[in-house]
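Here the structure comes first, spelled out in structure tokens, and everything after it is commentary.
All of the numbers you see were taken from the coordinates with simple rules; none came from a lab. Note that the structure is a prediction, hence the values are computed from the model and not measured. A quick note on method: Cβ atoms are made from the backbone with ideal geometry, for glycine too, and the neighbour counts reach across all protein chains shown.
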Amino acid sequence: MPVGEPGAMPTYLLTGVAGFLGSHLAERLLAAGHRVRGVDCLRDYYSPALKRLNLEGLEGRPGFQNLELDLATAELEPLLEGCAGVFHLAAQAGVRSSWGQEFHCYTRDNVLATQRLFEACRGRRLEKVVYASSSSVYGDATTLPTSEESELRPISPYGVSKLAVEHLARVYHDSFGVPTVGLRYFTVYGPRQRPDMAFHRFLRRALQDQPIPVYGQGQQTRDFTYVEDAVEATFSAMVRGREGRVYNIGGGERTTLARTLELLEEHLGRPIRREYQETQTGDVGHTSARTTLAREDLDYAPRVGMSEGLGRMVAWFTRTWQARAEMRQG
């Protein structure tokens, strides 16, 4: 029975459940009365302790099951038994860390793990297999806002790995009928954001009165997407997404880094020191999502604007920061 149908209690496999987006989606599914079979290998790309904190609101709740295993090595067929659909959010993240010797982590956790999961989905009756892609597949897009038909030219190994995921989804859909639906997320932010992501790093340094590195002159722009809006798009994709399609998911409010820092200062009520540095290899100059397809098919309409979303994230971060400070003192 599909997501959202009154009285339905289907089970959905959710990979990457301990992550930023995954933990929020799990809460959304449980709130709608569905069951979640969560999977996460708690990779140490960042602290597994932080990932376990993401699960605090999920552990022990009726309908929630959490399994710690590696999609690149584990037997996957049993995971799918009794599942109505799949949300595949597990991935090795990070643009800058994808260069050099660590790229094998991206081929393992993004490409190999995804291929094994799609293979396990062959021949099963599933509503959808909704998977996470990224705006990184566009690279430095020449047209803004960028539509799904734009040229795909990633400029980082991470972007290459996410494009490989999309190609795998296409061939498994076209060859075996696996009902894949892809979502190209544009810079998701909000409570529980990974510590390597920009706003988390900015807030941590600001509260320590350390300068924030600004690459270039801070005029690069991003289409920031609040996590609740990204979750709603992902939730809707299970029911409304068209098999074989890929959708842009953006917040609709492209903002410069310079303006973002000004907003953070307003919400923190204190100045932020800046440290200007050279532009980093692999960082795109601008992103902006044309979300016409998502609006038409998924009824997607982002509701949380940049200032409101940053205010929520600052409030969460300062509470968390204060709690940890008190724990250290105790």
Of the residues in the stretch 47-92, those that are assigned to a loop (DSSP other than H, G, I, E, B), under 24 Å from Arg116 (Cα atoms) and out of contact with any Gly (no Cβ under 8 Å at 6 or more places or on another chain) number 12
Filter the stretch 184-241 for residues that are hydroxyl-bearing (Ser, Thr, Tyr) and more than 12 Å from the chain's Cα centre (by Cα); the one that is nearest to Leu25 (Cα to Cα) is Ser236
(message) If I filter the stretch 109-122 for residues that are more than 19 Å from Leu183 (Cα to Cα), of a type outside the set (Val, Ile, Thr) and buried (at least 19 other Cβ atoms within 10 Å of the Cβ), do I get at least one hit?
(response) yes
For the stretch 14-32, the count of residues that are closer than 17 Å to Gly190 by Cβ and touching a Lys or Arg at 6+ places or on another chain (Cβ under 8 Å) equals 5
task = Would you check if there is a residue in the stretch 170-179 being within 26 Å of Gln115 (Cα to Cα) and of a type in the set (Phe, Trp, Tyr)?
result = yes
ask   = Somewhere in the stretch 235-258, is a residue surrounded by 15 or more Cβ atoms within 10 Å (Cβ to Cβ), among the acidic types (Asp, Glu), out of contact with any Leu (no Cβ under 9 Å at 6 or more places or on another chain) and assigned to a loop (DSSP other than H, G, I, E, B)?
value = yes
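Arg184 - would you say it is touching a residue at least 24 places away in the same chain (Cβ under 8 Å), touching a His at 6+ places or on another chain (Cβ under 9 Å), of a type in the set (Lys, Arg) and not in a helix (DSSP H, G or I)? Explain how you work it out, then say what you get.
Details: touching a residue at least 24 places away in the same chain (Cβ under 8 Å): yes; touching a His at 6+ places or on another chain (Cβ under 9 Å): no; of a type in the set (Lys, Arg): yes; not in a helix (DSSP H, G or I): yes.
No; evaluated as a whole, the condition is false for this residue.
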Subset of the stretch 207-230, residues out of contact with any Asp or Glu (no Cβ under 8 Å at 6 or more places or on another chain) and more than 20 Å from Gly305 (Cα to Cα), comes to Leu207, Gln208, Asp209, Gln210, Gln217, Gly218
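Residues Thr260, Thr255, Thr320: which one is hydroxyl-bearing (Ser, Thr, Tyr), over 30 Å from His173 (Cα atoms) and in contact with a Gly (Cβ under 9 Å, 6 or more places away or on another chain)?
Numbers: Thr255 fails: in contact with a Gly (Cβ under 9 Å, 6 or more places away or on another chain); Thr320 fails: in contact with a Gly (Cβ under 9 Å, 6 or more places away or on another chain).
It is Thr260.
Please work out if Gly182 is in contact with a Ser or Thr (Cβ under 9 Å, 6 or more places away or on another chain) and either small (Gly, Ala, Ser) or surrounded by 20 or more Cβ atoms within 10 Å (Cβ to Cβ) (or both).
Working: in contact with a Ser or Thr (Cβ under 9 Å, 6 or more places away or on another chain): yes; either small (Gly, Ala, Ser) or surrounded by 20 or more Cβ atoms within 10 Å (Cβ to Cβ) (or both): yes.
Taking the combined requirement at face value, the residue satisfies it.
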Of Gly252, Gly285, the only residue that is without any contact (Cβ under 8 Å) to a residue 60 or more places away in the chain and closer than 24 Å to Tyr185 by Cα is Gly252
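If you go through the stretch 71-89 one residue at a time, do you hit one that is under 23 Å from Val231 (Cβ atoms) and free of Cβ contacts under 8 Å to residues at least 60 places away in the same chain?
Pass one, the stretch 71-89, residues under 23 Å from Val231 (Cβ atoms): 71, 79-80, 83-89.
If we keep only those that are free of Cβ contacts under 8 Å to residues at least 60 places away in the same chain too, we end up with 71.
Within the stretch 71-89, one or more residues are under 23 Å from Val231 (Cβ atoms) and free of Cβ contacts under 8 Å to residues at least 60 places away in the same chain.
Look at the stretch 119-155 and say how many of its residues are farther than 20 Å from Gly252 by Cα and assigned to a loop (DSSP other than H, G, I, E, B).
Here the count works out to 12.
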inquiry  = Condition check: free of Cβ contacts under 8 Å to residues at least 60 places away in the same chain, more than 19 Å from Asp40 (Cβ to Cβ), in contact with a Leu (Cβ under 7 Å, 6 or more places away or on another chain) and not acidic (Asp, Glu). Does Arg116 satisfy that?
reply    = no
Scan the stretch 130-146 and tell me whether some residue there is free of Cβ contacts under 8 Å to residues at least 40 places away in the same chain and under 27 Å from Val239 (Cα atoms).
no
Scanning the stretch 145-174 for residues that are surrounded by fewer than 16 Cβ atoms within 10 Å (Cβ to Cβ) and aliphatic (A, V, I, L, M) gives Val171
